Amino acid sequence: MSKFLRFITRIANLKKKRNFPSVVNYEITSRCNLKCEHCYWHKTLKSTKELSNAEWEKVFLEHRKKGATHAHLTGGEPGLRPNVIRLARDIFKGIGIVSNGTIKIPNDIQTRIFVSIDGPATIHNKIRGVKVFDKVMKNIKDDKRIILTPTLTTTNYKYIDALVKIARNSGVEGITFSTYTSHSKGKDSLLLQGKQLDEAMNSLLKVWKKNKDIVYLTPKIIKILKTKAHYKTCFFLGNDFVSYDATMNIKKPCVIGEDVNCSTCGCIVPIVTHALKLADVRAWFMFDRLFPEKYYKI
Ligand SMILES: C[S@@+](CC[C@H](N)C(=O)[O-])C[C@H]1O[C@@H](n2cnc3c(N)ncnc32)[C@H](O)[C@@H]1O
């Protein structure tokens, strides 16, 4: 399909009315091998049960029949369930995986993989609770399926340059950034605000200008990360997205769970969607590189 046709199809898809969401987020496991200092998932975990492979297959087939086209697989750590990943790959038009990179996603699974790296070795290990940095680096080396996805908090916002160097030196496809979203309505020591948020956004703009080939951001996206202009019309609040935990309970309003303070949202997914809706042409080109035709059918 030509780039122009893909572009038009995407706009049409954004406006289409549907009976069932086209994009579904599945937490395919209720297990994780790490306990990260900023992670919402442990706070929202309601059960240690998870569906079997056969049960996931049934769910995926039912949802595909109802109109779901793309699946995002997360957890917990989705690398613990490679066969569930393969089932989703075979049923949907496209899948995306969010992983901590400690378990290499097998090479037969050719799709976009977002790997959470939160800083250079000492910072990453501090945030992630164990010494896993070297193992992750070994697993991701020269793997072009991978985009690094740090979550910026007060612990690591000074390491943006270092993170871009890690992306460059490890030979992955690129790097994008989210900022930490709080569960608290009051003070939260991890949340970037005021001068710290300004400093982080200025650093992002600088690294984007120097590394446009690997930094998956645009000036408009960075502005939205700062102003949070997206959150009242967030993509996750609409009808085209739904998120399930590992026992198929719906998570509302999004994966971060019911206590999320949306006014602090720094999630790159609704932010990119907002930029696309604002006709940010750079975001459209970026989106095409994030989700290329070789991995995703429209
Ligand atoms: C919950 S993890 C699950 C997938 C996998 N275990 C991993 O670590 O990537 C998904 C992503 O959410 C990010 N994350 C966790 N808590 C967050 C929060 N409160 N705000 C923003 N991102 C968060 C993690 O850093 C990770 O990139």
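Miscellaneous remarks
- Region 282-298, residues that are surrounded by 14 or more Cβ atoms within 10 Å (Cβ to Cβ) and part of a loop (DSSP other than H, G, I, E, B): Phe291, Tyr295, Tyr296, Ile298
- Applying the condition of being among the β-branched types (Val, Ile, Thr) and within 19 Å of the chain's Cα centre (by Cα) to region 199-227 and asking which residue is farthest from Ile147 (Cα to Cα) yields Ile224.
- The residue list Leu80, Leu73 contains one member that is modelled with pLDDT of 95 or more, near the ligand (Cβ under 10 Å from one of its atoms) and surrounded by fewer than 22 Cβ atoms within 10 Å (Cβ to Cβ), which is Leu80.
- Within region 177-208, considering residues that are charged (D, E, K, R) and closer than 16 Å to Ile160 by Cα, the one least open to solvent (accessible area, probe 1.4 Å): Asp198
- Taking the criterion of being surrounded by 13 or more Cβ atoms within 10 Å (Cβ to Cβ), within 21 Å of Val130 (Cα to Cα) and of a type outside the set (Phe, Trp, Tyr), the residues of region 33-44 that qualify are Asn33, Leu34, Cys36, Glu37, His38, Cys39.
- Positions within region 214-247 being polar (S, T, N, Q), part of a loop (DSSP other than H, G, I, E, B) and over 25 Å from Arg64 (Cβ atoms), in sequence order: Thr218
- Among the residues listed as Val98, Val132, Val136, the single one being within 14 Å of the ligand (Cβ to nearest atom), open to solvent by 40 Å² or more (accessible area, probe 1.4 Å) and in contact (Cβ under 8 Å) with a residue 24 or more places away in the chain: Val98
- Of the residues making up region 254-281, those that are open to solvent by 30 Å² or more (accessible area, probe 1.4 Å) and away from the ligand (no atom under 14 Å from the Cβ) are His274, Lys277, Leu278, Ala279, Val281.
- Summed over region 209-234, the residues that are open to solvent by less than 40 Å² (accessible area, probe 1.4 Å) and in contact with a Ser or Thr (Cβ under 7 Å, 6 or more places away or on another chain) give a count of 4.
- Residue list for region 166-196, filter: assigned to a helix (DSSP H, G or I) and over 20 Å from the mean Cα position of the chain (by Cα): Asn169, Gly194, Lys195, Gln196
The values are calculated or read from the model by the stated rules, or taken from the named source; none is laboratory data. Keep in mind it's a predicted model, so treat the numbers as computed, not measured. So basically every Cβ, Gly included, is an ideal-geometry build from the backbone, and we count neighbours across all protein chains shown. Surface areas here come from the heavy atoms of the whole protein model, side chains and all, with no ligands, DNA or RNA. Shrake-Rupley method; radii C 1.70, N 1.55, O 1.52, S 1.80 Å.
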